[in-house]
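*Asks:* Below are the structure tokens for one structure; questions will follow.
The values are calculated or read from the model by the stated rules, or taken from the named source; none is laboratory data. On a predicted model such as this, the values are computed, not experimentally measured, just so you know. As a convention, Cβ positions derive from the backbone with ideal geometry for all residues, glycine included, and neighbour counts pool all protein chains shown.
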Amino acid sequence: MANTTKYDLVVIGGGPAGYAAAIRAGQLGKKVACVEQERPGGTCLNWGCIPSKALLKSAELFNKINHCEDFGLSVKGASFDFTKIIQRSRGVSENMAKGIEFLFKKNKVEYIKGVGTISVPGMVEVTEGPDKGKILSAEKILIATGCKPRQLPDIEVDGERIMTSRQALEMKTQPKSIVIVGAGAIGAEFAYFLNAFGTKVTLVEMLDQVLPVEDHEVAAVVAKEFKAQGIDCRTSTAVQNIKVAKNNVKMDLVKGDKTESVTADSVLVAIGVVANTAGLLSPRVKLAQDRGYIKVDDNYESSVKGIYAAGDIIGPPWLAHVATYEAVQAVQGMFGHSKAKQVKSFPGCTYCLPQVASIGKTEKKLKEEGIAYKVGKFPFMASGKAVASNASVGFVKLLVGEKYGEILGAHIVGGEATEMIAEYGLGIQLEATAEDIHHTIHAHPTMSEAMMEAAAAVFGEAIHI
């Protein structure tokens, strides 16, 4: 075809998997195009990780101002402008997206705006958007279209009364009250953010703890702190009979045989994600799927030769850093640079207050699998830096193999948890033992000393407890 351009690789989707894949292919000297229907950066950069962290930073700073007397300081008449908080968040995303566009140019990645549809293997057609009509030919295609928020059945998302995280990130006005359905990372983060600025928050979770994938002791600390902050946490509770009115939303909260009617300004739905495959495949392209997610082999290749997939579109865990890792591995494998590697361990982080970070298995999982383990635990209340920083809530918990002391899991709840977890991640990568961590000198006073002390506690040798 006259208007067909040939590439070594066409990437569909410009999120953490897509843009990383395109850039890595460019670094390898390949001719590559990335088809993205919005701004580069995908959900993470535009409608997830990055803008939400900007909001949470505003909440954290406002919270510190309101508690500055704990540090011997005084601030009178502290106030906030909710619109400006949201605008700052959007500005952060805008700047970061521009950064991805710069990296595309730097690595000679052609950025194509629109919806990419695989018409036949080896051929991508831009079916919607500014570059509609372009046809891209490539021996290899990588699908990185990610996921989108799961919605409640028969409940229309209008962006005011009913929202997903996407609409919540550009709220025009602050709701006076909100029910957040789902207490995973997204639900917990929005609960903390809105509560910090005075919204009455009810956080509802069907399972028996907030942050259901986290260690049970970690979840208990978060629930206790949320309650102290004024967040109404409801676990083992279902939301039913949602009725949207002009000025509010009414619903029933059902726990066991008890039903309570609740009214709020808005409802935020944070019940997970679904695969984003709309417009992706023509009827002539059939890829093996599992619950809508694309099935891939150890090389990230789908059931159709030459079509690969990486990131959220291949299923959980739905994490930006995992998506980036998978995409880079897929590219390196498909071009013979190195053998594609599978994700073995990965950190998970929640950026509420207190922060939560974990890697590896929980105690519950180890017990289910019959793995013998030992526990080392160190509370932040015994950390000089934590107490001096007014961040003594929480602990570090290290799970290691009983025989060899290898790191099986690590769980942190407290200040800077999301930064500190990287040490245990590196430990797992290097096959370090609890003894190795214990005997590594950590600077004093630092929050990270708790990592060393938790390792020492495995052997009953922690000094400060």
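*Asks:* Any idea which of (1) surrounded by fewer than 23 Cβ atoms within 10 Å (Cβ to Cβ); (2) in contact (Cβ under 8 Å) with a residue 60 or more places away in the chain; (3) closer than 30 Å to S58 by Cβ; (4) not aliphatic (A, V, I, L, M) is the one Q355 doesn't satisfy?
*Replies:* That leaves (1) as the condition not met.
*Asks:* Of the conditions (1) part of a strand (DSSP E or B); (2) within 24 Å of M171 (Cα to Cα), A33 fails just one. Which one is it?
*Replies:* A33 satisfies all of (1) part of a strand (DSSP E or B); (2) within 24 Å of M171 (Cα to Cα) except (2).
*Asks:* Those residues that are of a type in the set (S, T, Y), more than 17 Å from L194 (Cα to Cα) and either under 20 Å from the mean Cα position of the chain (by Cα) or not assigned by TED's automatic domain parsing to the domain that holds L319 (or both), I need them from the stretch 44-97; list them, please.
*Replies:* S93
*Asks:* Additional query: Give the residue, chosen from G116, G122, G133, G146, that is out of contact with any helix residue (DSSP H, G or I) (no Cβ under 9 Å at 6 or more places or on another chain), among the small types (G, A, S) and under 24 Å from A320 (Cβ atoms).
*Replies:* Working: G122 fails: under 24 Å from A320 (Cβ atoms); G133 fails: under 24 Å from A320 (Cβ atoms); G146 fails: out of contact with any helix residue (DSSP H, G or I) (no Cβ under 9 Å at 6 or more places or on another chain).
Exactly one of G116, G122, G133, G146 is out of contact with any helix residue (DSSP H, G or I) (no Cβ under 9 Å at 6 or more places or on another chain), among the small types (G, A, S) and under 24 Å from A320 (Cβ atoms), namely G116.
*Asks:* Regarding A340, is this residue in a loop (DSSP other than H, G, I, E, B) and surrounded by 15 or more Cβ atoms within 10 Å (Cβ to Cβ)? Don't jump to the end; show me each part of the working.
*Replies:* Working: in a loop (DSSP other than H, G, I, E, B): yes; surrounded by 15 or more Cβ atoms within 10 Å (Cβ to Cβ): yes.
Yes, satisfied.
*Asks:* Applying the selection to the stretch 358-396, what residues are among the acidic types (D, E) and touching a residue at least 24 places away in the same chain (Cβ under 8 Å)? So that I can check it myself, show each step before the final result.
*Replies:* Filtering the stretch 358-396 down to residues among the acidic types (D, E) leaves 363, 368-369.
Correct list: E363 only.
*Asks:* While we're on this one: Only one of these is in contact (Cβ under 8 Å) with a residue 12 or more places away in the chain and small (G, A, S): G14, G29, G77, G72. Name it.
*Replies:* Details: G29 fails: in contact (Cβ under 8 Å) with a residue 12 or more places away in the chain; G77 fails: in contact (Cβ under 8 Å) with a residue 12 or more places away in the chain; G72 fails: in contact (Cβ under 8 Å) with a residue 12 or more places away in the chain.
When all the criteria are applied, what remains is G14.
*Asks:* Where in the stretch 196-269 are there strands (runs of 3 or more DSSP E), lying wholly inside it, with at least 2 residues that are hydrophobic (A, V, I, L, M, F, W, C)? Before the answer, list the steps.
*Replies:* Details: elements: 200-204, 232-234, 238-244, 249-255, 258-264, 266-269.
Strands (runs of 3 or more DSSP E) meeting the threshold: 200-204, 238-244, 249-255, 258-264, 266-269.
*Asks:* Turning to a different aspect of this structure: Would you say E60 is farther than 17 Å from P16 by Cβ and either exposed (fewer than 15 other Cβ atoms within 10 Å of the Cβ) or among the acidic types (D, E) (or both)? Break it down stepwise before answering.
*Replies:* On the way: farther than 17 Å from P16 by Cβ: yes; either exposed (fewer than 15 other Cβ atoms within 10 Å of the Cβ) or among the acidic types (D, E) (or both): yes.
When the stated conditions are applied, E60 passes them.
*Asks:* For the stretch 71-125, enumerate the residues that are farther than 20 Å from A22 by Cα, among the β-branched types (V, I, T) and part of a strand (DSSP E or B).
*Replies:* V120
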